[in-house]
Amino acid sequence: MKTNLNRTAPTPVRLVAGVINRFAGATPERASEGLVQLAISVQFADDNGQLMHRGEAMTAPFIGDRELQDSLWKASCSLARVQETI
């Protein structure tokens, strides 16, 4: 998606990103089409809590891994500098 995030990047990075965006970049409207489709389509009404990839629902492999979830929670709290028992 085309953004202004490259404004502060070094010149060589901006030049390469500009060329890539010209040929492969999407407008904000085009980039949001998939999200809008997921939000309003009855086709996806029963796909809560699943990952979507190219219009197909898939269950995340880490869904049942309680140890991994706890580890992620602790790391997130640490990075956010908040107590784990919110």
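The values are calculated or read from the model by the stated rules, or taken from the named source; none is laboratory data. Computed from a prediction, not measured in an experiment: that's the story for all the values here. Cβ coordinates were reconstructed from backbone atoms using ideal geometry, including for glycine residues, and neighbour counts include every protein chain displayed.
Whenever a residue of the stretch 33-46 is in contact (Cβ under 8 Å) with a residue 12 or more places away in the chain and exposed (fewer than 10 other Cβ atoms within 10 Å of the Cβ), it has no partner that is of a type outside the set (Ser, Thr, Tyr) and assigned to a helix (DSSP H, G or I) lying with C-beta atoms less than 6 angstrom away and at least six residues away or across chains.
Of the candidates Ala39, Ala60, the single residue that is at pLDDT 75 or above and assigned to a loop (DSSP other than H, G, I, E, B) is Ala60.
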